[in-house]
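The values are calculated or read from the model by the stated rules, or taken from the named source; none is laboratory data. For clarity, every value in this text was computed on a predicted model and none was experimentally measured. Here the Cβ is made from the backbone with ideal geometry for all residues, glycine too, and neighbour counts use every protein chain on show. Accessible surface areas use protein heavy atoms only, side chains included; no ligands, DNA or RNA. Shrake-Rupley method; radii C 1.70, N 1.55, O 1.52, S 1.80 Å.
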Amino acid sequence: MFTRRVSKFLINVNRCFHTSKNYSKDSEHPLLRTLRILKEDFYRIEGPSKNELEKQRALMGLFPRHADVLIIGGGAIGSSIAYWLKEKTSREGIRVIVIEKDMTYSKCTTVLSPGALHQHFALPENIQMSLFGAEFLRTIKKRFGNGVQVNFNPQGHLVLADEAGAQHLVDNSVIEREFGVINELLSKEQLKNKFPWMNVEDVELGCLGLEKQGWFDPWALLSVMRYGATDLGAQYVEGEVVDFLFKDKQEYIGEGMEDASYEAVQEAVIKLPDGQHKTMEFAFCIIAAGTETLELSQLARIGTGSGMLSIPLPIEKRKRFVYKFDCPESPPGINTPMTVDPSGLYFRRHGLGGSFLCGVSLPEKCDDSPEGFFNHQISPVLQNRVPKFSDIKLRNSWCGIYENNYFDDSGIIGPHPYYHNLYIATGFSAYGIQQAPAIGRAVAELILDGDFKTIDLTRFGFDRLIVDKPMYEYRQIQ
Ligand SMILES: Cc1cc2nc3c(=O)[nH]c(=O)nc-3n(C[C@H](O)[C@H](O)[C@H](O)COP(=O)(O)OP(=O)(O)OC[C@H]3O[C@@H](n4cnc5c(N)ncnc54)[C@H](O)[C@@H]3O)c2cc1C
């Protein structure tokens, strides 16, 4: 009804423009003028498509009161979900609204990451998701046009292990190969031959991902996803979800629920930039709010209710410092892969002018300043691994916060077992950006097809928290 009213309004607007345009076209050839008017009349009879209407409503700043799917958080994961939902339902499909509280993305995790892409995992799900991430980048121009550039550097991803970690590296490399990953195990000597700049004295083994591994620009990927979603008709609304509204559904009986106690979550309360509060009803809601997913889940009573609602989402905010430094004297060359030290510290080239990025997960308690931490903890490890790094100059640093799943380090994806229409996509810790294309596609499959159709992520569901079955990755590798 509302759509029809907007449609009528837009048709009238078109008519006004049509009339005013005619005044300035007196010198037009009569035949051309007739053809033009006929063409515009046909447009009016046809009317704008549903997708165009969505775009025009957004341009007019109309607040949508209903979403088929409401996504909270327009970072890489939320935007990927929006893109896949629209991609799979064709242009005239469901109404997808993304609520994003910070349209500049100044603090969102996605844009603060160095964008590593690799398949060094023990869990098949993680390997498959990251392989799809690589495939998505490979074919990105086909999907979004030749102008798109995500700066993928396919220089590989090298994980180094000391004696204690070597067997895990071997075990993981076998699983990875089963899923089509191309990697090679390198002994101390082989490492030295391939990378003469490296000190290998305290290294036992290395595993180098040879294909579909390296790094890319996360900001570019987010922009492409967002562009893709809006182009297909998803609407982004600036605002912060600050609460949920519930509705008594006493007729609903579910496993693990007390009789006549079910309250469905069905509206979000959104604080707009001008301070107004508005509500939006939804058929499905997906919380993809990165580090703030825990707070939002609590607003939906997850972790604060009883029965199935008593189990909290095990998401905590974890800090990571990222540093940019210059190595003026003969830096490691263009074939330098993203390299992960046995200590967990990683580094990679940043451009071709001798600049590098590096970082590490911070210990749970760290009172050091970013510079202090660099001098005390980072610099000695860098110098040990690459003697040429003994004369580096720290240029810049920033602190990124990521959504750590302290239960088992793996992502949590799918509906909450109590609500059915409330989905979660979070906890991908240090590899959420490379897996964002696969996560978005998986959530779209769940909503539209009722099941995972490509990569089976059932084991990453919320249910594992209820039955206490962790899905450990061997080690969280950058
Ligand atoms: C330093 C660092 C290094 C990393 N390195 C890598 C790496 O090399 N490779 C890799 O794959 N991953 C890496 N990660 C992890 C990766 O960046 C994240 O897993 C991923 O970006 C998470 O995406 P997201 O969309 O869930 O979260 P975000 O990008 O944080 O997006 C969430 C969005 O939700 C919005 N939001 C929050 N609350 C609300 C609300 N109430 N209402 C409306 N909007 C809301 C926020 O404004 C934000 O824009 C790294 C992370 C960090 C911090």
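Values for this structure:
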| item | result |
| --- | --- |
| Surface per residue (accessible, 1.4 Å probe) for segment 102-187, Å² | 43 Å² |
| R0 of 41 Å, Cβ-Cβ distance Val269-Asp468: FRET efficiency to nearest 0.05 | 0.80 |
| Spin-label proximity, Ile182 to segment 204-221 - amide N less than 18 Å from point 7 Å beyond Cα toward beta carbon | 207-215 |
| Glu163 paired with Lys192, simple spin-label distance in nm, labels 7 Å along Cα-to-beta-carbon | 1.8 nm |
| Selection from Gly359, Thr339, Gln266 lying farthest towards where the dipole of segment 265-402 points positive, charges on Cβ | Thr339 |
| Dipole axis of segment 132-218 (+1 Lys, Arg; -1 Asp, Glu on Cβ), positive-most option in Phe179, Leu169, Leu191 | Phe179 |
| Sites Asn384 and Ser106 - FRET efficiency at Förster radius 25 Å, r taken between beta-carbons, to 0.05 | 0.10 |
| Cut-off 11 Å between beta-carbons: net charge of the residues surrounding Asn384, Lys and Arg +1, Asp and Glu -1 | -2 |
| Per residue convex hull volume, Cα atoms of segment 413-478, in Å³ | 89 Å³ |
| Where chymotrypsin sites (Phe, Trp or Tyr not before Pro) fall in DSSP loop in segment 346-406, at most 14 other Cβ within 10 Å | Tyr406 |
| Lys101 accessible area, 1.4 Å probe, all protein chains in place, Å² to nearest 10 | 90 Å² |
| Solvent accessible area, Å² - Leu112, 1.4 Å probe, full protein context | 40 Å² |
| Å² of accessible area per residue within segment 295-429, as computed with a 1.4 Å probe and no ligands counted | 39 Å² |
| Shape of segment 159-198, Cα gyration tensor, a/c cut at 1.5 | oblate |
| Exposure of Thr279 as accessible area (Å², to 10), given a probe of 1.4 Å and all protein chains | 40 Å² |
| Residues Asn375 and Val242, FRET efficiency given R0 of 41 Å [Cβ-Cβ distance, rounded to 0.05] | 0.50 |
| With every protein chain in place, segment 86-211: carbon and sulfur % of accessible area (1.4 Å) | 51 percent |
| Added length on full extension, which subtracts the Cα-Cα distance from 0.36 nm per residue, Asp451 to His420 | 9.9 nm |
| Relative contact order (percent, whole number), segment 266-364, Cα cutoff 8 Å, 6+ residue spacing | 18 percent |
| Share of carbon and sulfur in the accessible heavy-atom surface of segment 301-451 [1.4 Å probe, %] | 49 percent |
